[in-house]
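So the structure is just underneath, and the comments pick up after that.
The values are calculated or read from the model by the stated rules, or taken from the named source; none is laboratory data. If you're wondering where the values come from, they're calculated on a predicted model, not measured in any experiment. For neighbour counting, all protein chains shown are included, and Cβ atoms are generated from backbone atoms with ideal geometry for every residue, glycine included. In case anyone asks, the SASA skips ligands and DNA or RNA and just uses the protein heavy atoms, side chains included. Shrake-Rupley method; radii C 1.70, N 1.55, O 1.52, S 1.80 Å.
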Amino acid sequence: MPSSPLVVGFDLDMTLIDTVPGFGAVLEVLGDELGVTFPVLEMTAQLGPPLETMLSGHLDEDAIGPAGDRFRELYPAHAISSVPVLEGAHEAIAAVRRHGGRVLVVTGKYPRNAELHVEHLGLDIDLLEGWVWGVGKADVLRREGAAIYVGDHVHDVEGALAAGVLSVSVLTGGCTRAELEAAGTHVVLDGLADFPSWLDAHMA
């Protein structure tokens, strides 16, 4: 088990980074290739579910898997440079460091594409685990000895609760405060800019 007394996990999309411009750009290119007009604004307003789930309903069932693979192939060229960190992301990570903690990124995103975001934006993390979703995140959080998991989606809450860790939710994604509270989150913050002061108080 990690020796650090504090381990904090973060979701990636719409928690640490604003994936909307990149995701939308890849959807446009994919749609052009497939001859499909995706409702990009609608789809990017609800980021969080697995890609194949989001493509369902817009493509024939047998086309969803290949389209998902092609989306991930297109992603590095169209979605890395345009995606910024969300306000407070670097500061939230630094706050964990000040308390002697380790930082995990636990995300449903394809691992290599997640790594490209982390590298491009200089996110100071210790471990990235990709392609884990909802309650599946619990295995990683337990394995790494996490005490807190920070996310923006109700399924991030599910993962935290399944792992038995403190669920902290931010309102920078597609889920409302009411939805997150109904899912059982312990803490709701407007965004990561509020996380350092919350963590200081929590650790006091």
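The figures follow:
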quantity: Top-ranked residue in the range 158-204 [being under 20 Å from R142 (Cβ atoms) and among the hydroxyl-bearing types (S, T, Y); ranked as farthest from the chain's Cα centre (by Cα)]; calculated: T185
quantity: Among (1) assigned to a loop (DSSP other than H, G, I, E, B); (2) out of contact with any Leu (no Cβ under 6 Å at 6 or more places or on another chain), the one test that F38 misses; calculated: (2)
quantity: Helices (runs of 4 or more DSSP H) contained in the range 49-112 and holding at least 3 residues surrounded by 18 or more Cβ atoms within 10 Å (Cβ to Cβ) and over 17 Å from the mean Cα position of the chain (by Cα); calculated: 61-79
quantity: Candidates G184, G173, G151 - the one that is touching a residue at least 24 places away in the same chain (Cβ under 8 Å), closer than 17 Å to V103 by Cα and touching a strand residue (DSSP E or B) at 6+ places or on another chain (Cβ under 8 Å); calculated: G151
quantity: Test for G145: is it in contact with a Leu (Cβ under 7 Å, 6 or more places away or on another chain) and in contact (Cβ under 8 Å) with a residue 12 or more places away in the chain; calculated: no
quantity: Qualifying residue in the range 20-35 (condition: in a helix (DSSP H, G or I) and either on the phi > 0 side of the Ramachandran plot or among the hydroxyl-bearing types (S, T, Y) (or both)); calculated: no
quantity: Members of the range 173-202 found to be within 12 Å of I148 (Cβ to Cβ), open to solvent by 20 Å² or more (accessible area, probe 1.4 Å) and either aromatic (F, W, Y) or modelled with pLDDT under 95 (or both), listed by number; calculated: W198
quantity: Single unsatisfied condition, D156 versus (1) in a loop (DSSP other than H, G, I, E, B); (2) of a type in the set (D, E, K, R); (3) open to solvent by less than 30 Å² (accessible area, probe 1.4 Å); calculated: (1)
quantity: T15, sole failed condition from (1) open to solvent by 20 Å² or more (accessible area, probe 1.4 Å); (2) among the β-branched types (V, I, T); (3) closer than 17 Å to G191 by Cα; calculated: (1)
quantity: Residue match in the range 163-172 (condition: under 18 Å from E87 (Cβ atoms) and open to solvent by 20 Å² or more (accessible area, probe 1.4 Å)); calculated: yes
